Amino acid sequence: QLQASGGGLVQAGGSLRLSCEFSKRSFRDYVVGWFRQAPGKERDFVGAIAWSAGTTRYKDSVKGRFTISRDNAKNTAYLQMNSLKPEDTAVYYCAAGRPGYSAYDQTDLYLYWGQGTQVTVSS
């Protein structure tokens, strides 16, 4: 029901835009979150957007570099990543759930998950 795409290999300082396309159902009353998992590490919150209100919240280390948006007509959420750093290297996942704003970073509150897409940032 969620399909993430757009990952790839990019040099440090470069940009990528990830997409999360929703099919079979509407997630317009959900929160869409982006998470990432580096090798040997736990899945970590990147940011999230409340689909209806457009309210966003980001992990501190990506504020000012990453932007989450959504396109109602395309039923797609985006993660625009600029000024990428080697430490951003990870598998990125999108997910949908109904956490409150203060709990946007709680992985277990997201019910639906897409498959991951690999982002590799070279130094």
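The values are calculated or read from the model by the stated rules, or taken from the named source; none is laboratory data. All figures in this text were calculated on a predicted structure; none of them were measured in a lab. So basically every Cβ, Gly included, is an ideal-geometry build from the backbone, and we count neighbours across all protein chains shown. All accessible areas refer to the heavy atoms of the entire protein, side chains included, with ligands and DNA or RNA removed. Shrake-Rupley method; radii C 1.70, N 1.55, O 1.52, S 1.80 Å.
The set of residues in the range 62-74 that are assigned to a loop (DSSP other than H, G, I, E, B) and either at pLDDT below 95 or open to solvent by less than 70 Å² (accessible area, probe 1.4 Å) (or both) comprises R65, N72, A73, K74.
For the range 77-123, filtered to residues that are among the small types (G, A, S) and closer than 13 Å to L16 by Cβ, the residue that is surrounded by the fewest Cβ atoms within 10 Å (Cβ to Cβ) is S122.
Here the range 75-123 is the region considered, the condition is being assigned to a helix (DSSP H, G or I) and touching a Ser or Thr at 6+ places or on another chain (Cβ under 7 Å), and the residue that is farthest from G6 (Cα to Cα) is Y101.
Checked against (1) touching a helix residue (DSSP H, G or I) at 6+ places or on another chain (Cβ under 6 Å); (2) within 20 Å of G40 (Cα to Cα), G97 passes all but condition (2).
G54 falls short on exactly one of the conditions (1) touching a Gly at 6+ places or on another chain (Cβ under 7 Å); (2) on the phi > 0 side of the Ramachandran plot, and that condition is (1). Can you pull out the residues in the range 17-59 that are in contact (Cβ under 8 Å) with a residue 60 or more places away in the chain, open to solvent by 30 Å² or more (accessible area, probe 1.4 Å) and assigned to a strand (DSSP E or B)? Listed by number, the residues that qualify are R17, Q37.
Of all residues in the range 71-96, those being touching a residue at least 24 places away in the same chain (Cβ under 8 Å), out of contact with any Asp or Glu (no Cβ under 9 Å at 6 or more places or on another chain) and farther than 18 Å from T117 by Cα number 2.
Of D29, D71, D60, all but one fail to be among the acidic types (D, E) and within 18 Å of A4 (Cβ to Cβ); the exception is D71.
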